[in-house]
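Accompanying notes for the structure given below.
The values are calculated or read from the model by the stated rules, or taken from the named source; none is laboratory data. Note that this is a predicted model, so its numbers are computed, not measured. Heads up, the Cβs are rebuilt from the backbone with ideal geometry, glycines too, and the neighbour counts pull from every protein chain shown.
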Amino acid sequence: MKQWLGRFFQMSDVLDELLCGILLYGLVCQAGLLLFQKAALYHSIGLWIGIVLAVLGAFHITWTLDKILDLGAEDAVKKSRSYAVLRYGLVLIVLGILMIVNRANPLTAFLGLMGLKAGAYIQPTIHKAAVKMGLKQEIQKPLLTPEEVDELIAAEKGKKKEQKQEQEVQENE
């Protein structure tokens, strides 16, 4: 079991911990539904539809970040907005279908969807627990301080400015 958990926690830096947080949130909400609701199946189906949406959202956000980090600033903003609209559109469609079909509670589906937020909040705690259990290694501190990064960026901008000026001089000759 520990070996399987170890492989699961090596999947990515944060996604696996986020998914664990979403599932833990789902289990806590399910326990609450079972304690306080008599028509638990109607509400539970909605909850787990929301949890599935949260998991899909986490995967989509990770995929989106991988895609946009290779783009320029303006293109990255445009792409991330379009992907966010796609995610929210899917959520609205699913919630709309739940309201029309009336086989699951759309409010508990929304509650399950909020598992994405809850998972993000408890991710640091899950990471610390995984490190203590030996399933993950501690995240190393950055190699550069923020001041050093700023200096490198300024130096790179200066180089680009010099190259542009040299090109203009060559074009004018």
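Here are the numbers for the structure shown:
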| item | result |
| --- | --- |
| Matching residues, the range 108-159, being assigned by TED's automatic domain parsing to the domain that holds L53 and among the small types (G, A, S) | A109, G112, G115, A118, G119, A120, A129, A130, G134 |
| Residue within the range 47-66 that is among the charged types (D, E, K, R) and in contact (Cβ under 8 Å) with a residue 12 or more places away in the chain present | no |
| Hits in the range 51-80 - residues which are part of a helix (DSSP H, G or I) and charged (D, E, K, R) | D66, K67, E74, D75, K78, K79 |
| Any hit, the range 121-130, residues being touching a helix residue (DSSP H, G or I) at 6+ places or on another chain (Cβ under 8 Å) and either charged (D, E, K, R) or at pLDDT 90 or above (or both) | yes |
| Checklist (1) at pLDDT below 85; (2) among the small types (G, A, S); (3) within 24 Å of A54 (Cβ to Cβ) applied to G134, failing item | (3) |
